Number of protein chains: 2
Amino acid sequence: MSRKPVNIRDKLALFHDHWSPRVVAEMNDYQFKLVKLQGAFVWHDHPDTDECFLVIDGALRIELRDGTVELQAGEMYVVPKGVEHRPVAETGAHVMLIEPRGVVNTGEAGGALTAENDIWI
Amino acid sequence: MSRKPVNIRDKLALFHDHWSPRVVAEMNDYQFKLVKLQGAFVWHDHPDTDECFLVIDGALRIELRDGTVELQAGEMYVVPKGVEHRPVAETGAHVMLIEPRGVVNTGEAGGALTAENDIWI
């Protein structure tokens, strides 16, 4: 029986809104989520977990209170738990997030950009 | 202060041997490992954890006892815990593995292809 892998670009073609992560796979209690970014997000942190950003297309800047990480496609960065960060994608980016199931995109900050969680495509 | 992301292709250029995963990042108690595959691996399973394969370059076939998954670059597949599998990359592949720290590449099978664990680049 042939089984289908997850094709990242095929999944990205299925949605167009920004800052709204879609789950594409699970590994134990972790999820792989795709999200399209445009502009600046809110400052927030995740007090209980690290969070991995893997850039698929475009460019992403992760602002930290004491520094900045500039990422291009094919680059990744793990924001440690409890570290405040603000993702900024001035010209747009497609990103894979890897983090435990249940993590909310705005962390402790909340606000208008808080996305519904655990949406699969 | 500018911080450096992990550039996947830069890391892949740092080693040339096959079936020997290198750790490039950690997230909580999980690791991101890069590995170069050529030919057929051994049948094995990981009784305690799922294992994610993300193909960076080349093509990978994951043989299962009851099926097959064919992956190209930009595709991923999570092998569930306890499921026997055999990775085969006839024409070569560069793969990112994502799994808990401490997972041994040959799982329960052992043998000559068992790689030293927790080698960082």
message: Taking B:HIS18 in one copy and the same position in all the others, each labelled 7 Å out along Cα→Cβ, what are the pairwise distances from the first, in nm, shortest first?
response: 4.5
- prompt: Amide H neighbours of A:ALA25 under 5 Å, counting only residues 5+ apart in sequence or on other chains, H built in-plane at 1.01 Å?
  reply: A:PHE32
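Take every DSSP beta bridge whose two residues both sit in chain B, then give the antiparallel share in percent to the nearest 5.
Numbers: 36 of 37 bridges.
Antiparallel bridges make up about 95 percent of those DSSP assigns within chain B.
Accessible area of the protein assembly as shown with a 1.4 Å probe: how many percent of it is carbon plus sulfur?
Ligands and nucleic acids excluded, carbon and sulfur reach 49 percent.
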- line: Whole-Å distance linking the alpha carbon centroid of the stretch A:42-101 with that of the stretch B:56-121 is 26
task: Taking H placed 1.01 Å from N in the peptide plane, check which residues at least 5 places from A:ASN105 or on another chain put their amide H under 5 Å from its amide H.
output: A:ALA115
- prompt: Using θ = phi - 60° and the Karplus form 6.51 cos²θ - 1.76 cosθ + 1.60, what ³J(HN,Hα) does each residue of the stretch B:90-99 get, whole Hz, x for Gly and Pro?
  reply: 4, 9, x, 7, 10, 10, 9, 9, 10, 6
- prompt: Tell me: how much accessible area in total is hidden between A and B, 1.4 Å probe, Å², nearest 100?
  reply: 2800
task: Sum -39500 (n - 2.57) across every DSSP H segment of at least 4 residues in chain A, then divide by the residue count to get the 222 nm mean residue ellipticity, nearest 500.
output: -1000 deg cm²/dmol
- prompt: Where in the stretch A:69-102 is the amide nitrogen less than 16 Å from a point lying 7 Å along the Cα-to-Cβ axis of A:GLU26?
  reply: A:98-102
query: What nm distances, shortest first, do you get from the label point of B:ILE121 to those in the other copies when the point sits 7 angstrom along Cα to Cβ?
result: 3.2
- request: Go ahead and run the numbers for FRET between B:TRP120 and A:ALA112, Cβ-Cβ distance against an R0 of 45 Å, rounding to 0.05.
  value: 0.65
task: Collect residues whose amide H, placed 1.01 Å from N in the peptide plane, falls under 5 Å from the amide H of B:ALA73; neighbours closer than 5 in sequence don't count.
output: B:GLY58
query: Inter-copy label distances at B:TRP43, 7 Å along the Cα→beta-carbon direction, one decimal in nm, shortest first?
result: 5.7
query: Which pairs, out of A:LYS36/B:LYS4; A:LYS81/B:LYS36; A:LYS36/B:LYS81; A:LYS11/B:LYS33, put more than 28 Å between their alpha-carbon atoms?
result: A:LYS81/B:LYS36; A:LYS36/B:LYS81
message: Taking θ = phi - 60°, what integer Hz values does the Karplus form 6.51 cos²θ - 1.76 cosθ + 1.60 yield along the stretch B:108-113, in sequence order, with x for Gly and Pro?
response: 7, 7, x, x, 5, 8
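The values are calculated or read from the model by the stated rules, or taken from the named source; none is laboratory data. Nothing here was measured: the structure is a model prediction, and the numbers come from that model. Positions of Cβ are backbone-derived with ideal geometry, glycine not excepted, and every protein chain shown enters the neighbour counts. For accessibility, only protein heavy atoms count, side chains too; no ligands or nucleic acids. Shrake-Rupley method; radii C 1.70, N 1.55, O 1.52, S 1.80 Å.
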